[in-house]
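Here, each number is a calculation from the coordinates, and none is a lab measurement. These numbers come from a predicted model, not from an experiment. Positions of Cβ are backbone-derived with ideal geometry, glycine not excepted, and every protein chain shown enters the neighbour counts.
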Amino acid sequence: MYAIVDIAGQQFRVEQDKVLKVPYLHNKIGDTIEFESVLLLADDKKVKIGQPKVKGAKVSARVLEHSREDKVLVLKKKRRKGFKKLQGHRQKFTKIQIDKIL
């Protein structure tokens, strides 16, 4: 059984006991989160497609950790002008583990 879930504006395919890196969520480590925006729910024989969401479907997950990605460098340059600007940032993310698909 798997589901397609909308988490923080991005769509993820989730299965039970799967660990995902999702955009940063403001929850404490160890908290349980329920995602109600399930877009597709598939069993071995049946597939339910939401319009836009599947009614009554939920996905329960547990927060494992918060961290940051590797540094991303952004270089801006204008040729023949002597202008260069280098910026970098590290995007935050949350690791979650899927407990149940209801």
So which pairs qualify, if the first residue must be in region 3-24 and at positive phi, the second must be of a type in the set (Phe, Trp, Tyr) and surrounded by 13 or more Cβ atoms within 10 Å (Cβ to Cβ), the Cβ gap must be under 9 Å, and the two must be at least 6 apart or on different chains? 8/24
Here the residues within region 10-62 that are in contact with a Ser or Thr (Cβ under 7 Å, 6 or more places away or on another chain), part of a strand (DSSP E or B) and among the basic types (Lys, Arg) are 62
So, in region 74-102, how many residues would count as being hydrophobic (A, V, I, L, M, F, W, C) and surrounded by 10 or more Cβ atoms within 10 Å (Cβ to Cβ)? 5
